[in-house]
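The values are calculated or read from the model by the stated rules, or taken from the named source; none is laboratory data. Bear in mind that the values here come from a model prediction, so they are computed numbers and not experimental data. Note: ideal-geometry Cβ built from the backbone for every residue, glycine included; neighbour counts use all protein chains shown.
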Amino acid sequence: MQLTREHIELAYANGIRNFRNLSLRQLDLSELDLSDCDFSQSDLYNTSFIGSKLDYVYFNFADLAYTKFTNAKYSKLFIHDARFNRTVGIKYATCSFDSYGECGRQLTAIKINGEVTLSCGCFTGSPEDLKTYIKNGYKGIYESRMLAFNFVMAAIDMERP
């Protein structure tokens, strides 16, 4: 059974916030308050969150290809290892290499409405928060962490040709 917008609205109204590992492809979830929801590992290909409120929403390991986030409002998104490809209304940059950090992790930066959020492992926060985290962390991996940080911060500001 394919879930519909009405299913999601009814579930949310009844306190359900767990939408993990579901196929929600091509749903129009525009202009909804979906705060505190967990869409981790879900297939959200070409789903619309245009104008939606997405405070503290989890998209870890989700497929966000072609998903629309134009004018979405959020305070914190969790995006660990989410798949971004031609996502609309959200800019993204990722960096991963074998000697990055403690164990070759992936750093992802997203920008919605001018606000940047970074995610890597258990960390999710602002660029300033990550700089502090790196500065106060293990000195043996400082250089690789700063290399990844500088790359995603430069890449997130690049414009498409």
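Taken as a whole, the structure places Phe49 among residues that are aromatic (Phe, Trp, Tyr) and crowded, with 17+ Cβ neighbours inside 10 Å. Please verify whether the stretch 30-44 includes one or more residues that are at negative phi, acidic (Asp, Glu), in contact with a strand residue (DSSP E or B) (Cβ under 9 Å, 6 or more places away or on another chain) and in a loop (DSSP other than H, G, I, E, B). No, that holds for no residue. Within the stretch 96-109, the set of residues being among the hydrophobic types (A, V, I, L, M, F, W, C) and surrounded by 19 or more Cβ atoms within 10 Å (Cβ to Cβ) comprises Leu107, Ala109. Scanning the stretch 110-132 for residues that are among the basic types (Lys, Arg) and either in a loop (DSSP other than H, G, I, E, B) or crowded, with 17+ Cβ neighbours inside 10 Å (or both) turns up nothing. Can you find a residue in the stretch 96-109 that is modelled with pLDDT of 90 or more and part of a loop (DSSP other than H, G, I, E, B)? The answer is no, given that none of the residues of the stretch 96-109 is modelled with pLDDT of 90 or more and part of a loop (DSSP other than H, G, I, E, B).
Table: residues versus (1) of a type in the set (Gly, Ala, Ser); (2) crowded, with 20+ Cβ neighbours inside 10 Å; (3) over 26 Å from Ala109 (Cβ atoms); (4) free of Cβ contacts under 8 Å to residues at least 60 places away in the same chain.
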site	(1), (2), (3), (4)
Ala11	yes, no, yes, yes
Arg20	no, no, no, yes
Asp28	no, no, yes, yes
Phe61	no, no, no, yes
Val88	no, no, no, yes
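When the residues of the stretch 124-153 are filtered to those that are aliphatic (A, V, I, L, M) and under 18 Å from the mean Cα position of the chain (by Cα), the one that is nearest to Ser96 (Cα to Cα) is Ala148.
In the set Asn136, Asn85, Asn113, Asn150, only one residue is among the polar types (S, T, N, Q) and modelled with pLDDT under 90; that residue is Asn113. When you check Gly15 against the structure, is it over 25 Å from Gly125 (Cα atoms) and part of a loop (DSSP other than H, G, I, E, B), yes or no? The answer is yes for Gly15.
The residue pairs whose first member lies in the stretch 102-116 and is under 16 Å from Phe61 (Cβ atoms), whose second member is acidic (Asp, Glu), and whose beta carbons are closer than 8 Å, counting only pairs six or more residues apart or on different chains, are Gln106/Asp81; Thr108/Asp81. Does Asn60 satisfy being in a loop (DSSP other than H, G, I, E, B), in contact with a His (Cβ under 8 Å, 6 or more places away or on another chain) and at negative phi? So Asn60 passes the test. Within the bounds of the stretch 66-78, is there any residue that is of a type in the set (A, V, I, L, M), outside any strand (DSSP E or B) and buried (at least 21 other Cβ atoms within 10 Å of the Cβ)? Yes, the stretch 66-78 has at least one match.
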